[in-house]
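Asks: Attaching a single structure in structure tokens format; questions to follow.
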Amino acid sequence: MALIVQKFGGTSVGTVERIEQVAEKVKRFRDGGDDIVVVVSAMSGETNRLIDLAKQISDQPVPRELDVMVSTGEQVTIALLAMALIKRGVPAVSYTGNQVRILTDSAHTKARILQIDAQRIQRDIKAGRVVVVAGFQGVDEKGNITTLGRGGSDTTGVALAAALKADECQIYTDVDGVYTTDPRVVAKAQRLDKITFEEMLEMASLGSKVLQIRAVEFAGKYSVPLRVLHSFQEGPGTLITLDEEESMEQPIISGIAFNRDEAKLTIRGVPDTPGVAFKILGPISAANVEVDMIVQNVAHDNTTDFTFTVHRNDYNNALQVLQSIANEMGAREVIGDTDIAKVSIVGVGMRSHAGVASRMFEALAKENINIQMISTSEIKVSVVIEEKYLELAVRALHTAFELDAPTAGNTAE
Ligand code: ADP
Ligand code: ASP
Ligand code: MG
């Protein structure tokens, strides 16, 4: 008899009918003898709807109050699922993050889980109940409701699996596993049987939103066996594994990730003196803006150009800060560009293969796609390109690295 944590995402609980289907599925596992803890998201679209409501009151809603509101989405689905289970004769009980006591820090809208009180859930499991827990939410030590950032129910699932020492955490969603790239963008994407934690972490942080980054971090840190599966289709899904050996035999590149959420800022004609990078990025970080990629050109005429990318939500803020820095430093001009996208190739196989980056650049050159910025690490190469070429770039790279499925088509809904 195994203890399994099953997380169902927004589309999987998007209607009452689907919630009934999820209840049937959970019942089947129970009837097979497993103990089940379920984590659910809000119905699809609900979190966005709630955020939109808040934005009608204020452009920048007070984070504490935003959390009080957006956490209600998950409170609805836990109760509905518990009702659907009870209707089927399965003893079940629902809990909010506060009721479990999923303790987080106080960073509203992006809180981190600090501790989970597993006792109450364990008592329910012993008493034969299925426990249904609200994803995405917790409570800080003062009793304020917090949320874990978009996609945070994945993290709730993995953190609960770690706290309960579950045998597996299963993430049920609207695709049947992790693919070589987003199957909604590339029809020839292929499902991976396995992917390492390290690769999955890169894929998630470079834009593949199939799993929240923190969920992957947590699973790696606490060695939680993690699997991504389709909610309503049978299949093995994708196992996220520590085992690198097997993946080494796979292609050099495991996947392609992309991200449309960044914007680029350039400050031109900055006097090229020691401390320039600090003078520019110090105030940016003081304004709470995180910087991703950075390029500084070689100086000529004793001046240099400095370019970096930030999240699009931070673009206006960063632009303002940069303009005042430019005035102070006597820089020539500040240029901003929001029509960019980042495309990344990811794979542990890169460690043992040379020439991966040049193969990437060649594939992009063949399509006449200009590369604006480049960054590399041991297992990834990222480039910034013009946004309108994003899909073309991803498809070209998918083909160049021999990731295309023999026949087109996939099981994405
Ligand atoms: P849920 O609501 O179940 O959490 P998400 O929308 O957060 O679902 O995540 C599933 C989606 O992730 C898929 O529908 C797919 O479009 C997207 N996705 C992006 N990259 C990948 C990838 N490499 N493999 C599978 N799905 C991906
Ligand atoms: N409902 C939240 C969101 O839409 C959390 C989640 O679905 O994981 O981001
Ligand atoms: Mg998700």
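Asks: How large, in percent, is the carbon and sulfur part of the accessible surface of segment 268-388 at a probe radius of 1.4 Å?
Replies: Numbers: 2900 of 6350 Å².
Whole-percent figure for carbon plus sulfur exposure: 46.
Asks: Along its three principal axes, how long is segment 160-319 when you only count alpha carbons? Whole Å, largest extent first please.
Replies: Here the spans come out as 63, 37, 31 Å, largest first.
Asks: Okay, moving on. Leaving out ligands, DNA and RNA, and with a 1.4 Å probe, what % of the accessible surface on segment 121-248 is carbon or sulfur?
Replies: 48 percent
Asks: Give me the accessible area of residue 43, 1.4 Å probe, in Å² rounded to the nearest 10.
Replies: Residue 43 has an accessible surface of roughly 50 Å² with all protein chains in place.
Asks: Quick one: Karplus J couplings for segment 58-72, per residue in order, coefficients 6.51, -1.76, 1.60, θ = phi - 60°, nearest Hz, x for Gly and Pro?
Replies: Calculated HN-Hα couplings, in order: 8, 4, 10, x, 4, x, 4, 6, 4, 5, 4, 7, 5, 5, 5 Hz.
Asks: Now, a different point. 5 Å is the cut-off here: which amide hydrogens, built 1.01 Å from N in the peptide plane, fall below it relative to residue 133, excluding neighbours closer than 5 in sequence?
Replies: So residue 133 has HN proximity to 38, 39, 40, 95.
Asks: A further question on this structure: Using a/c under 1.5 as the rounded threshold, could you call segment 73-134 rounded, prolate or oblate? The axes a ≥ b ≥ c are square roots of the C-alpha gyration tensor eigenvalues, and prolate needs a/b larger than b/c, oblate otherwise. Intermediate results must be reported in sequence, preceding the final value.
Replies: Numbers: a/c = 4.66, a/b = 1.62, b/c = 2.89.
Oblate.
Asks: Over segment 198-323, what is the relative contact order in percent, taking alpha-carbon pairs closer than 8 angstrom and at least six residues apart? Don't skip to the end; give the middle numbers.
Replies: On the way: 136 pairs, mean separation 27.9, N = 126.
Across segment 198-323, relative contact order equals 22 percent.
Asks: Okay, moving on. Taking a quarter of the surface of the convex hull around the Cα atoms of the chain, what do you get in nm²? Present the calculation step by step, with values, prior to reporting the outcome.
Replies: Details: hull surface 88.2 nm².
Directional mean of the projected Cα hull area for the chain stands at 22.0 nm².
Asks: Now a separate question. Quote the relative contact order of the chain in percent (integer), defining contacts as alpha-carbon pairs under 8 Å separated by 6+ residues. Show your work: numbers first, answer last.
Replies: Values: 891 pairs, mean separation 57.8, N = 413.
Relative contact order, the chain: 14 percent.
Asks: Hey, could you pull the Cα Rg and Dmax for segment 83-218, both in Å?
Replies: Values for segment 83-218 (Cα only, Rg and Dmax): 16.4, 50 Å.
Asks: Name the shape class, rounded, prolate or oblate, that the alpha-carbon gyration tensor gives for segment 280-349, where a ≥ b ≥ c are the square roots of its eigenvalues, rounded holds for a/c under 1.5, and otherwise prolate holds if a/b is larger than b/c and oblate otherwise. Kindly include the intermediate steps, with their values, before the conclusion.
Replies: On the way: a/c = 2.11, a/b = 1.38, b/c = 1.53.
Taking the square roots of the gyration eigenvalues as a ≥ b ≥ c, segment 280-349 is oblate.
Asks: Keeping every protein chain present and rolling a 1.4 Å probe, give me the accessible area per residue for the chain in Å². Intermediate values should be presented prior to the final figure.
Replies: Working: 18920 Å² over 413 residues.
Averaged over the residues of the chain, the accessible area is 46 Å².
The values are calculated or read from the model by the stated rules, or taken from the named source; none is laboratory data. What you see is a predicted model, and the numbers here were worked out from it, not measured in a lab. Keep in mind that these areas ignore ligands, DNA and RNA; they rest on the heavy atoms of the full protein, side chains included. Shrake-Rupley method; radii C 1.70, N 1.55, O 1.52, S 1.80 Å.
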